[in-house]
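Here is the structure we will look at, set down as C-alpha cells.
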Amino acid sequence: MRVLRLRKDPSVYSSEVYLIRGDWNHLSDVNTLVDAGANGAVVSELRSLATGVGKRPVQQVVLTHSHFDHSGGVARIAEEFEPEIWAYSHHDPRCKRIRDGQCVRMGDRDFYVIYSPGHSNDSICLYGPDDGALFSGDTALNLMMPGGSYSRSFVRTLETLAALPLKIVFPGHGDPIVDGVGDMLRRSLENVYRSEIFDDQGLPSAAGDAGGGSQLEATIRSAGRPPGIEGGQHVLAR
Ligand SMILES: [Fe+2]
C-alpha cells in the first residue's frame, strides 16, 4: 500500500486528501481517495501521478464525513475521473452509502468501516488491519485532559479504536501520527471516562454505563495484544 498526502490549495480551508495505491499499480488495485478536500485543487496533481495503466487515476472516493472541507471537492473530482463515491450519509445523490463494518478495497488492501459519531453524525474511520492503519477523518483521538462532555456513542467509538493494534493514523487534518498511537488513545479514553458522559437523549449517563473502570481495564488489556500485523508497508511517498 502506498499512501500519498496530496497538496492542498493554501488559500482554502481543506481537509487532507489521501491517495491510496497498491505497491505495484496492479490492475486489480483500487486507486482510492480518502476525502475529497474542499475545492478539487488536488485534480492537477492527480493527473500527473503514475496510477497504473488501463485504469482511472481515481476509481473511488471514500468520504470520512460530509463536512464541506472534506467533501466540497467531490464535484470536480467526479467530473474529472468518474469514480464511485462512498459516504455514510446520503447528502449527495452521487454518493453510495457505506455501512459500519463494511469492507472496502483501497489500493491493494482491505479496509473496514468503523462508524464513529461524535464530530458529526455521519463520521466514519477506515481501519486497515494489514498495516495497523487508520484513516480517522475528524474523529477526536487526542484528548489531552478530562473535562467537557461526550456522548455515549463517541465513548463507544473511542473504546473500539483503543482496542485496535494501530501503528499509524492518517488524520483529516495534519501530519500522520506514528508514535505512541495506542498510548494516545488509552489516555484519551481515561480522560473521557473522567468527563461528563451523556446518553443519546442528552441525559447524564453514569460512567459505568458508558464503560467505566472495568471497561477501561478490559480495553487496555485488549489494546496490549501483540499487533499481529504481517507484511505490508505503509509508504508516505511524494
Ligand atoms: Fe475537517
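The values are calculated or read from the model by the stated rules, or taken from the named source; none is laboratory data. Note that the coordinates shown come from a computational prediction; the quantities given were computed from them, not determined experimentally. Virtual Cβ from ideal backbone geometry, glycine too; neighbours counted across all protein chains shown.
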Taking region 61-81 as the search range and keeping residues that are part of a helix (DSSP H, G or I) and more than 11 Å from the ligand (Cβ to nearest atom), which one is farthest from Arg97 (Cα to Cα)? Glu80
Considering only residues that are more than 13 Å from the ligand (Cβ to nearest atom) and in contact with a Leu (Cβ under 8 Å, 6 or more places away or on another chain), which ones fall in region 134-147? Leu134, Leu141
Which condition breaks for Gly52 when tested against (1) modelled with pLDDT under 95; (2) more than 16 Å from the ligand (Cβ to nearest atom); (3) over 27 Å from Gly132 (Cβ atoms)? (3)
Filtered residues of region 141-175 (kept if of a type in the set (A, V, I, L, M, F, W, C) and surrounded by fewer than 17 Cβ atoms within 10 Å (Cβ to Cβ)): Met144, Met145
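Quick grid of which residues meet (1) buried (at least 20 other Cβ atoms within 10 Å of the Cβ); (2) of a type in the set (S, T, N, Q):
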site	(1), (2)
Arg47	no, no
Gln59	no, yes
Gly73	yes, no
Tyr88	yes, no
His91	no, no
Lys96	no, no
Tyr115	no, no
His119	no, no
Can you go through Tyr150, Tyr127, Tyr193 and tell me which one is more than 16 Å from the ligand (Cβ to nearest atom), under 14 Å from the mean Cα position of the chain (by Cα) and hydroxyl-bearing (Ser, Thr, Tyr)? Tyr127
Any idea how many residues of region 43-60 are in a loop (DSSP other than H, G, I, E, B) and among the hydroxyl-bearing types (Ser, Thr, Tyr)? 1
Taking only pairs six or more apart or across chains, which ones have beta-carbon atoms under 6 Å, a first residue in region 95-115 that is on the phi < 0 side of the Ramachandran plot and of a type in the set (Ser, Thr, Tyr), and a second residue that is in a strand (DSSP E or B) and at pLDDT 95 or above? Tyr112/Cys103; Tyr112/Tyr127; Tyr115/Ile124
Taking Arg94 as the residue in question, decide whether it is touching a Gly at 6+ places or on another chain (Cβ under 8 Å) and basic (Lys, Arg). no
If you check Asp9, Asp35, Asp69, Asp29, which single one turns out to be among the acidic types (Asp, Glu) and at pLDDT below 95? Asp9
What pairs can you find where one residue is in region 146-165 and of a type in the set (A, V, I, L, M), the other is part of a helix (DSSP H, G or I) and surrounded by fewer than 17 Cβ atoms within 10 Å (Cβ to Cβ), and their Cβ atoms are less than 8 Å apart, with a gap of 6+ or different chains? Ala162/Ile220; Ala163/Ser222
